[in-house]
Amino acid sequence: MKLSYADASPKFRCILAVVLVLLAFAGHANATDAAAYKVQIDKARTYVAELLEYAADAESGSYDPDAERIALSSIRSALPETETVEWQGQAIEVSNDAIYVRLKSFENEENSTKRAIYLTEADELLSALSTQLAAPTAADGRSKDEYKRKLAEILAREEYQKPAPKQESGIAGLIERFMNWLRGLFPDSGPAETLPYDFSGVAKVLQVILFAIIFGLVGFLLYKFAPLLFPAARRGSRVKKSHRTILGEKIAADESASDLFSDAERLARDGEIRAAIRKGYIALLCDLSDKKVIALEQHKTNRDYLRAVRARPTLYGNMRGLTSSFERHWYGSQPTAADDWDAFRETYKKAVADA
């Protein structure tokens, strides 16, 4: 079951917008630090993820109501319904009521699919808040110009580019000119006044038959000899088919998931942990694609691939941890250490084994 922001109801999307707008209005003093509030949100997301696992366990008959109640209580403890947050030099009165509504609906719902939807909506709300709080501010020492430059770099990546408009190939233009030349050989003419019978209909039929024969012959010759006449076009076609694109990175067709993970190990040994985690995550997606667990598409994000394995609880749990690590270290600003790669590698092996 694939759940996304687009699947949510208009009412939910409106609530999400209101929650984000709350971060733009001043409130009262004595506020919680924004960093501490983000820690609360991330902690609540961890418990939401646990609830999703419990919901999956319920479908397999191993439901634990006590564990579910503890996770719900932990979310409410980590994230009060209302609190004042210090953000960008202002005291903001923040309401977490939208999260509580989702949790209450989850508790009262018996249908497993709807319960998963409520939890997914709660996770989307928390993710949006966490992302907003993680945005660079004047307090983190970076200028607005630097932030704009970083944003421009992200938007310049291949996965955010529009596909180039299709252009008419040289062969198509050649065929069009040839057809125009053939039409010039058989101009339309009216029936001759001196003939007792009108043969114009028969002439047109013969003209169509002749066109079909010539066109078929030209097509056959192009099929046979085009690779010899246009070797560059043939090579270009092979190049297009020889690559796969995963999260904006081109992967050669003969490059396996094992090769990609070996590259990740080399990067980790060189101290490039952030790049190693990205390469390792791409290796995971490549492995899952080779095993027909997911379908690779250029426009898909890491969250799309994560939702695609939700029906497999064990694999989903391991992949969720890898996805979180990838997002924090590649898209976020969290510092990396050798231990981060060690943890990523162990979880990676479990995910590959479960695929």
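Nothing in this text is a laboratory measurement; each read-out follows from the coordinates by a stated rule. Everything numeric in this text was worked out from a predicted model, so none of it was measured. As a convention, Cβ positions derive from the backbone with ideal geometry for all residues, glycine included, and neighbour counts pool all protein chains shown.
Excluding K43 itself, calculate the net charge of residues whose Cβ lies under 15 Å from the Cβ of K43, where each Lys or Arg counts +1 and each Asp or Glu counts -1. List each step's numbers first, then the result.
Details: positive: K38, R45, R76, R328; negative: D33, D42, E50, E83, D123.
Every neighbour counted, the sum reads -1.
Shape of region 89-129 from its Cα gyration tensor (a ≥ b ≥ c, root eigenvalues): rounded if a/c is under 1.5, otherwise prolate when a/b > b/c, or oblate? Numbers along the way, then the final one.
On the way: a/c = 7.21, a/b = 2.35, b/c = 3.06.
Taking the square roots of the gyration eigenvalues as a ≥ b ≥ c, region 89-129 is oblate.
How much net charge surrounds T82 when only other residues with a Cβ under 10 Å from its Cβ are counted (Lys, Arg +1; Asp, Glu -1)?
Values: positive: none; negative: E81, E83, E93, D97.
The answer is -4.
Once you list every other residue whose beta carbon is under 10 Å from the beta carbon of Y316, what net charge do they have if Lys and Arg are +1 and Asp and Glu are -1? Walk me through the numbers before you get to the answer.
Details: positive: R307, R310, R312, R320; negative: E53, D354.
Net of charged neighbours comes to +2.
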